Amino acid sequence: MVKSDQPIARAWLTSVSAGVIELDADWNDPALPPVAPGDEAWNFATLRRAPLSLYAEEAAYFVNAAGELCFVLDPAAHSWIDFATTPVYVAGNFNGWQDAVGQEQWQLRPGELNGKPVCLLRVPTVHFWGEELRRFKFVTGEHRWLDAPVDATNVSLDETGHYNRTVRRDRTGKNLFVFTTARPLRLSQPHAVAWLRDGKSVQKVKLRLERFFCDMRSDRPFGAQVLGETTVFGLFAPRAKHVRLHFCQRLEQQDHAEVLELKHGEDGGWHGQVARNLHGWFYWYHVTGPSDVFSRFDPKQRVLDPYALAAVGREGPGIILDAAWVGEGDRSFRTQAWQDLVIAEAHVRDLAALAPGPAAGDERLGFTGLAKWVASPDFYLKKLGVNAVELQPVQEFDNRAREEYHWGYMTANYFAPASAYARDPVHASGVKELQALVAAFHRQGLAVILDVVYNHVGVPEHLMFIDKLYYFEMDDAGKLANWSGCGNDVRSRSAMARRLIIDSLTHLVTAYGIDGFRLDLAELLGVDVLREIETALKRVKPDVILIAEPWSFRGHIAAALRPTGWASWNDGYRDFLREYVHGRGAADKIEYFLKGSPWHFAFWPAQTVNYTESHDDRTWLDMITENGAFNGFHPTWNDRRRTHLMAAILFSSIGIPMLAAGQDFLRSKYGVTNTYQRGDLNALDYRRIARFPATHAYFAAWIAFRRSPRGQLLRHFSRAPEGFFQAIYAPDQAGLALLYNADGAAGRTRLMFAVNPLQADALVPLGPAAGWGWRLVADHEWFYADGQPTPTLLGESDLFVPALGCSLWLAEL
């Protein structure tokens, strides 16, 4: 029997006329609990006990009529697992957690519950009823833990910082009741359920809008569409009471803008039209709705249309553009195969700010200045040899003024090019300027990958004013989730949030000719959403490049992405190499990364994006320098040598190599960790190429070799067969020599890469492989031309690798 001062744990709607009430504990009284609608706007039509099994959808367990504890896993929530071949176990503090793996008595079996397939395990309750709180999770036979949803009522944080489910003796399924309403409830006003005592309400709980609400969607067009002499508008705002469109021809007319009241459709969309061609006009919305903890409707707030194709600034207004004027981007460029990519991550302003050439000062702030630099025969990235650039965000973001430097990871609109990078944002010049920039990169042979941010939004949070509950994750008290660390998490599982993401990515491909995307904090979007994105984009561009940053503050999904067509930034690779070049790392680990992080991280070779520096955190040099305060601006001899070692490892590794722009000329940010608004530190100082020409040339030579026919053995489309690699460890167990095509299955050519991260020389015992007729191609300082004299490093059976040294060898058998 419920004894809590807060008897109702939560309540939610399953449709506009039905819902569920979850009590804090089982209700064993044959009479119905004293619950009632918490407001006069509605009444119960029916109230009855829920099937015991319904509780499993919330808690992942219930106790059946036979008294058995039933653990239930929904396979649809983990689509990345093949449950036909992968065993799954329930593990907890009652069976030794990891020890449960492999034990048949804890393995879930296929079953059916509530009309859908599930994985199910029934056990006697004797194992669970006791003084100690029973915690559990599900784990695969490969020891991969399945995360528990943090918003479930039986999930709690343990002392180690992990979220686990709990089994409570007083919550078995008898704590759920289902109801129907006398008439459909209006979503535009809040509703509650009350607990009565002596006929009076002692607790009110807001009725949450759960899965059915997130599944609401419309297939109608949204945004502003110019159709001849008519302009059509649409906004998806399912809980709004009113949506008013404001539009004007000139910015100075905003205080006297025309107003149109949009009409509400049953699908949650609001639509209207104006019998004029409004191309080039400005527009915004005012949206009103319910006032509760799940809402931030504000009738005074100007809302930028999330589908606006251009914007004057982060606040708006949006700019109405005829699709015919926007046109299409450069679609003639043939995007490179993933295994052939060499990527440089860069920022628009960092590339342009100090670039040599005639660009004017204001041009260097954005697309036009960078396009001039890209078109130059001396363009830095072209001469370096990379064939793809990953630009930090170029969608409208929340810098307050055009001159303000910003990384761009606080997105304000997904369709509009950043107004800060446009010379004339009032006239939507950014559209044509971004198209021209992408075309310029293509002419230089570089694919363009965009860093995009869909896991959270910047300021102002326009989607928040359209519908906070629909578009953002939050708890039962309306507090926003913040696993992004940026103040909010987009509810990408909502159908129209997914459509907004996919529509905007598709627009970037078709309107600008973008070749691929890197999704920031993709863990927050989830595997299912990423699968949908992949399917949609490959319909438009079959060779689209898809890269995930597979983590957030909540978790990591690289393993879950293995069965998909997504590559992932390999943070394990990054962290290991920083340690390895200091001699802190074993040969078997560097062997794993050189082979492309197979199986555990990557199912196929190009699924790992190998990198050692990105925009985040300190530069590579600052991270590994021997100088104090992480300041590598004046690198030591060892700093430079370790950087060469890193480059050789990076370009010898199977997978996609990625550099941060400037890494090849020993870029430093003086040890500063977070430079997201420090344009002065981030701007590329190209004079360092002259200061460190040998290092720049070393990187360029490695890139040229990797992309050449001789480097084909480093570029794999499919997983190499057993016998392709042969690793030979140095006696110190830190250095090694790795042979590529050791068994000759890929032809006559063999490669050998040897590395020694220690500050003492090493001999690698090659054995018979020493007699394969190796020719030295490169060492830790430079590449050798054919016929050029080379040092004698190879003996009859041993390979000499000097301290902090490496070498690349080629043989034709």
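The values are calculated or read from the model by the stated rules, or taken from the named source; none is laboratory data. Remember, predicted model here, so these are calculated numbers, not experimental data. Cβ placement follows ideal geometry from the backbone for every residue including glycine, while neighbour counts extend to all protein chains displayed. When the accessible area is computed, the model is the full protein with side chains, heavy atoms only, and any ligands, DNA or RNA have been set aside. Shrake-Rupley method; radii C 1.70, N 1.55, O 1.52, S 1.80 Å.
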Members of the stretch 127-167 found to be among the hydrophobic types (A, V, I, L, M, F, W, C) and closer than 25 Å to Leu23 by Cβ, listed by number:
Phe128, Trp129, Leu133, Phe136, Ala148, Val150, Ala152, Val155, Leu157, Val167
Determine whether Asp543 is charged (D, E, K, R), assigned to a helix (DSSP H, G or I) and in contact (Cβ under 8 Å) with a residue 60 or more places away in the chain.
no
Within the stretch 645-687, restricting attention to residues that are among the polar types (S, T, N, Q) and out of contact with any strand residue (DSSP E or B) (no Cβ under 9 Å at 6 or more places or on another chain), which residue is nearest to Trp702 (Cα to Cα)?
Ser668
Examine the stretch 444-458 for a residue that is over 30 Å from Phe297 (Cβ atoms), surrounded by fewer than 21 Cβ atoms within 10 Å (Cβ to Cβ) and in contact with a helix residue (DSSP H, G or I) (Cβ under 9 Å, 6 or more places away or on another chain), and state whether such a residue exists.
yes
With the requirement that a residue be under 30 Å from Val63 (Cβ atoms) and either in a strand (DSSP E or B) or more than 38 Å from the chain's Cα centre (by Cα) (or both), what does the stretch 175-191 give you?
Leu176, Phe177, Val178, Phe179, Thr180, Thr181
Can you name the number of the only condition in (1) among the aliphatic types (A, V, I, L, M); (2) within 24 Å of Pro657 (Cβ to Cβ); (3) open to solvent by 40 Å² or more (accessible area, probe 1.4 Å); (4) assigned to a helix (DSSP H, G or I) that Ala701 fails?
(3)
Total residues in the stretch 582-599, condition in a helix (DSSP H, G or I) and open to solvent by less than 20 Å² (accessible area, probe 1.4 Å)
4
Residue that is without any contact (Cβ under 8 Å) to a residue 12 or more places away in the chain and either surrounded by fewer than 20 Cβ atoms within 10 Å (Cβ to Cβ) or farther than 22 Å from Leu209 by Cβ (or both), where the choices are Ser484, Ser429:
Ser429
Looking at the stretch 786-813, which of its residues are among the hydrophobic types (A, V, I, L, M, F, W, C), open to solvent by 60 Å² or more (accessible area, probe 1.4 Å) and assigned to a loop (DSSP other than H, G, I, E, B)?
Leu813
So, Ala754, is that one touching a Pro at 6+ places or on another chain (Cβ under 8 Å), surrounded by 14 or more Cβ atoms within 10 Å (Cβ to Cβ) and closer than 24 Å to Ala602 by Cα or not?
no
Please go through (1) modelled with pLDDT of 95 or more; (2) more than 30 Å from Gln273 (Cβ to Cβ); (3) buried (at least 19 other Cβ atoms within 10 Å of the Cβ); (4) in contact with an Asp or Glu (Cβ under 8 Å, 6 or more places away or on another chain) for Arg122 and return the number of the only condition it doesn't satisfy.
(3)
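Here is a yes/no grid of residues against (1) more than 19 Å from Ala224 (Cα to Cα); (2) of a type in the set (Asp, Glu); (3) open to solvent by 10 Å² or more (accessible area, probe 1.4 Å); (4) without any contact (Cβ under 8 Å) to a residue 24 or more places away in the chain:
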position	(1), (2), (3), (4)
Ile502	no, no, yes, no
Gly513	yes, no, no, no
Asp528	yes, yes, yes, no
Lys538	yes, no, yes, no
Would you mind listing the strands (runs of 3 or more DSSP E) fully within the stretch 1-44 where at least 2 residues are among the polar types (S, T, N, Q) and in contact with a helix residue (DSSP H, G or I) (Cβ under 8 Å, 6 or more places away or on another chain)?
8-15
What's the number of the only condition in (1) in contact (Cβ under 8 Å) with a residue 60 or more places away in the chain; (2) open to solvent by 50 Å² or more (accessible area, probe 1.4 Å) that Glu579 fails to meet?
(1)
Within the stretch 126-140, residues open to solvent by 30 Å² or more (accessible area, probe 1.4 Å) and either β-branched (Val, Ile, Thr) or in contact with a Ser or Thr (Cβ under 7 Å, 6 or more places away or on another chain) (or both) come out as Val126, Leu133, Arg134, Arg135
Restricting attention to the stretch 192-220, and to residues there that are open to solvent by 70 Å² or more (accessible area, probe 1.4 Å) and under 30 Å from Leu278 (Cα atoms), which single residue is farthest from the chain's Cα centre (by Cα)?
Arg220
Would you please name the residue that is nearest to His456 (Cα to Cα), looking only at residues in the stretch 487-500 that are open to solvent by 10 Å² or more (accessible area, probe 1.4 Å) and touching a residue at least 60 places away in the same chain (Cβ under 8 Å)?
Arg493
In the list Asp74, Asp82, which residue meets the criterion of being within 38 Å of the chain's Cα centre (by Cα), within 19 Å of Gly115 (Cα to Cα) and surrounded by fewer than 20 Cβ atoms within 10 Å (Cβ to Cβ)?
Asp74
Among (1) assigned to a loop (DSSP other than H, G, I, E, B); (2) modelled with pLDDT under 95; (3) among the hydrophobic types (A, V, I, L, M, F, W, C), the one test that Leu207 misses
(1)
Could you please let me know if Ala522 is closer than 25 Å to Val150 by Cα, open to solvent by less than 10 Å² (accessible area, probe 1.4 Å), in contact with a Pro (Cβ under 7 Å, 6 or more places away or on another chain) and not hydroxyl-bearing (Ser, Thr, Tyr)?
yes
Please identify the pairs in which a residue from the stretch 679-700 that is within 18 Å of Arg642 (Cα to Cα) has its Cβ atom under 7 Å from the Cβ atom of a residue that is of a type in the set (S, T, N, Q) and not in a loop (DSSP other than H, G, I, E, B), counting only partners at least 6 apart or on another chain.
Thr695/Thr643
Which residue out of Gly408, Gly357 is closer than 21 Å to Glu549 by Cβ and part of a loop (DSSP other than H, G, I, E, B)?
Gly408
Residue under question is Trp604, and the condition is that it be open to solvent by 30 Å² or more (accessible area, probe 1.4 Å) and under 25 Å from Gln336 (Cβ atoms); does it hold?
yes
Report yes if Leu659 is hydrophobic (A, V, I, L, M, F, W, C) and assigned to a helix (DSSP H, G or I), otherwise no.
no
